[in-house]
């Protein structure tokens with residue numbers, strides 16, 4: 001009797017085991033796929049990325065997690081990547097703060113079978129499958145050309161950027177410098193970093209205005225430039241700069257759009273963060289399910305927005 | 001009590017459970033309890049917490065805070081505070097990176113980094129003792145100088161030199177399953193735990209903080225104690241900075257920014273009193289572990305990362321309140 005019972009018990013145990021083996025043999029169910037998206041830090045630009053990514057994740061039916069670093073230090077994103085590796089997510093999309101420090105973590109993630117791509121800000125030597133974002137050098141060149149036209153090919157200009165170590169921002173600056181090389185009478189008199197912090201950017205802008213009274217143009221290479229310059233030009237001290245100093249900014253934050261409407265800003269390079277988010281999730285899922293075998297970088301492009309086409313562009 | 005006696009009765013009093021319990025006195029017990037409760041909570045919600053990889057990763061990520069808290073506890077016990085640990089950590093890493101960039105051998109680069117910590121620590125100590133500056137002001141000054149130097153030298157751009165594998169092993173290597181930074185943390189914690197509890201110097205540190213006048217009148221050279229303690233804190237922060245650079249291979253100007261609050265929190269959660277005389281290295285390590293595990297749990301459990309600081313703050317308040325409540329009960 002005992003022997004019969006144990007045989008029965010053994011066969012009962014074998015049943016779920018064989019089912020499990022069968023389940024592993026089929027591809028992973030969409031609803032079991034876990035996607036995590038990591039922006040640089042909590043600034044409005046990435047809210048658009050989140051919206052695009054979440055919408056796509058909901059559409060495909062995959063699990064979605066949005067993890068925001070509390071500061072722009074490389075070590076913070078490394079820690080998040082490691083926690084996600086522990087959590088065995090299936091795909092990670094990250095906009096990188098500091099390209100070198102995340103290389104080891106990204107490689108480790110990929111070695112453990114997680115698909116990793118970068119969006120908006122790249123870590124080129126990390127072995128990630130692809131980069132989705134703006135071709136920043138081209139955007140920078142367009143900005144440079146627009147400025148050169150606006151100030152008549154000569155004068156002093158200044159560049160206000162976010163983190164001085166960010167790859168995407170520096171590519172934009174390189175683009176600007178490349179296009180301005182054609183105009184020897186245009187001089188870049190200052191390049192200042194702000195960590196994308198608004199208070200810091202306002203302070204930096206004021207200092208630039210005071211230090212270079214003959215300034216004719218400002219490039220806001222990161223998303224903080226538009227709001228900062230608008231706020232400074234709206235004050236009594238610098239009110240005269242409005243219109244006299246041409247401003248070209250990046251990203252269509254509400255304050256920046258307002259800046260265009262009120263004449264503080266002459267043009268905005270608007271990226272497509274919603275598209276970046278959407279494509280990040282889409283490509284990750286395709287790579288996880290095996291549909292996409294040789295990923296290539298995607299250029300999400302920029303719109304040049306000024307007072308004329310303010311109401312008619314897509315992101 | 002006979003000196004040097006090794007009779008059987010004395011040894012049996014040192015049984016393992018008693019030693020362990022003796023090591024973790026009352027104030028650390030409540031932190032340990034909080035730690036176990038939080039860990040159990042996370043483990044119940046997600047199966048990925050109690051895996052070797054994850055736990056080792058968590059230990060490694062809070063090891064930097066824990067390493068620096070060893071020095072911080074000693075400073076706090078003397079009744080002082082060291083706000084500059086973050087800047088010293090960052091600057092030491094940066095100097096090490098620059099040394100590598102200029103082609104110096106590993107030992108020289110590491111020495112330069114340690115030297116920075118030593119110099120800043122000594123400066124803090126001199127400002128507090130000979131300069132008679134309040135520690136808050138003195139270390140606030142060195143914090144700003146250190147951070148400023150980092151931005152001046154790097155001009156905002158991280159330094160990313162090539163480094164030999166031997167050096168990378170400090171931050172990225174393993175001894176068996178255990179990451180190297182965790183080993184470094186354990187070694188430092190054990191060493192200074194023993195120093196604080198079982199050596200004359202340790203007793204002098206507690207005496208200086210408990211009642212500086214009385215200690216001075218009893219023959220303790222309180223100035224020298226403080227000088228040593230601040231210098232040690234600086235050197236230990238430099239160790240953390242070198243380990244951090246070895247891990248990330250990128251010396252950012254913002255490295256270590258704000259970490260002094262985490263380090264002070266770790267020490268205080270572990271039982272250190274900001275008025276001096278009370279605190280322990282073991283407690284500080286547990287305090288660092290608590291905040292580190294919460295950060296890990298937030299990502300594993302898919303909690304809104306904005307809530308992380310709020311949760312950490314709440315857990316800290318609860319852990320410290322339990323301890324205060326127990327003290328109040330004892331005194332009744």
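The values are calculated or read from the model by the stated rules, or taken from the named source; none is laboratory data. From a predicted model like this one, the values you see are computed outputs, not experimental measurements. Don't worry about glycine lacking a Cβ; one is built from the backbone with ideal geometry, like all the others, and counts go over all protein chains shown.
The residue that is surrounded by the fewest Cβ atoms within 10 Å (Cβ to Cβ), counting only those in region B:50-69 that are facing chain A (nearest Cβ under 8 Å) and more than 18 Å from residue A:74 (Cα to Cα), is B:51. The residues in region A:87-98 that are surrounded by fewer than 24 Cβ atoms within 10 Å (Cβ to Cβ) and away from chain B (no Cβ under 12 Å) can be counted, and the count is 1. Of everything in region A:41-57 that is more than 10 Å from chain B (Cβ to nearest Cβ) and under 14 Å from residue B:306 (Cα atoms), the residue that is surrounded by the most Cβ atoms within 10 Å (Cβ to Cβ) is A:41. Of all residues in region A:179-197, which are in contact with a helix residue (DSSP H, G or I) (Cβ under 6 Å, 6 or more places away or on another chain) and either outside the structural domain of residue A:251 (by TED's automatic domain parsing) or outside any loop (DSSP other than H, G, I, E, B) (or both)? Answer for region A:179-197, where residues must be in contact with a helix residue (DSSP H, G or I) (Cβ under 6 Å, 6 or more places away or on another chain) and either outside the structural domain of residue A:251 (by TED's automatic domain parsing) or outside any loop (DSSP other than H, G, I, E, B) (or both): A:179, A:180, A:186, A:190, A:192. Among the candidates A:205, A:256, which residue alone is over 23 Å from the mean Cα position of the chain (by Cα) and either surrounded by fewer than 18 Cβ atoms within 10 Å (Cβ to Cβ) or more than 30 Å from residue A:110 (Cβ to Cβ) (or both)? One residue alone meets the criteria, A:205. Of the numbered criteria (1) buried (at least 19 other Cβ atoms within 10 Å of the Cβ); (2) touching a helix residue (DSSP H, G or I) at 6+ places or on another chain (Cβ under 6 Å), the one residue A:174 fails is (1). Looking across region A:58-86, the residues that are more than 7 Å from every other protein chain (Cβ to nearest Cβ), free of Cβ contacts under 8 Å to residues at least 24 places away in the same chain and farther than 15 Å from residue B:256 by Cα come down to A:58, A:59. Here residue A:296 passes the criteria (1) part of a loop (DSSP other than H, G, I, E, B); (2) touching a helix residue (DSSP H, G or I) at 6+ places or on another chain (Cβ under 9 Å) except the one numbered (2).
Results for (1) in a helix (DSSP H, G or I); (2) over 16 Å from residue B:272 (Cα atoms); (3) at pLDDT below 80, shown as yes or no for each residue.
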| position | (1), (2), (3) |
| --- | --- |
| B:285 | yes, no, no |
| B:297 | yes, yes, no |
| B:310 | yes, yes, no |
| B:322 | yes, no, yes |
| B:327 | yes, no, yes |
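The set of residues from region A:37-57 being modelled with pLDDT of 95 or more and over 25 Å from residue B:255 (Cα atoms) comprises A:49, A:50, A:51, A:52, A:53, A:54, A:55, A:56, A:57.
Determine whether residue B:277 is more than 14 Å from every other protein chain (Cβ to nearest Cβ) and surrounded by 24 or more Cβ atoms within 10 Å (Cβ to Cβ). Criteria not met by residue B:277.
In this structure, does residue B:182 turn out to be assigned to a helix (DSSP H, G or I), away from chain A (no Cβ under 14 Å) and either at pLDDT 90 or above or buried (at least 19 other Cβ atoms within 10 Å of the Cβ) (or both)? When the stated conditions are applied, residue B:182 does not pass them. Looking across region B:126-167, the residues that are without any contact (Cβ under 8 Å) to a residue 12 or more places away in the chain, over 16 Å from residue B:245 (Cα atoms) and within 14 Å of another protein chain (Cβ to nearest Cβ) come down to B:152, B:155. Checking the stated criteria, residue A:232 turns out not to satisfy the condition of being assigned to a helix (DSSP H, G or I) and within 14 Å of chain B (Cβ to nearest Cβ). In a residue-by-residue description of region A:278-289, the property of being surrounded by 15 or more Cβ atoms within 10 Å (Cβ to Cβ), assigned by TED's automatic domain parsing to the domain that holds residue A:230 and either part of a helix (DSSP H, G or I) or free of Cβ contacts under 8 Å to residues at least 12 places away in the same chain (or both) applies to no position. Of the set (1) touching a strand residue (DSSP E or B) at 6+ places or on another chain (Cβ under 6 Å); (2) surrounded by fewer than 20 Cβ atoms within 10 Å (Cβ to Cβ); (3) more than 24 Å from residue A:274 (Cα to Cα), all apply to residue A:157 but (2). The residues listed here are B:208, B:231, B:291; of these, the one that is in a helix (DSSP H, G or I), in contact with a helix residue (DSSP H, G or I) (Cβ under 7 Å, 6 or more places away or on another chain) and within 14 Å of chain A (Cβ to nearest Cβ) is B:291. Scanning region A:208-221 for residues that are surrounded by fewer than 18 Cβ atoms within 10 Å (Cβ to Cβ) and part of a loop (DSSP other than H, G, I, E, B), we see that the one that is nearest to the chain's Cα centre (by Cα) is A:212.
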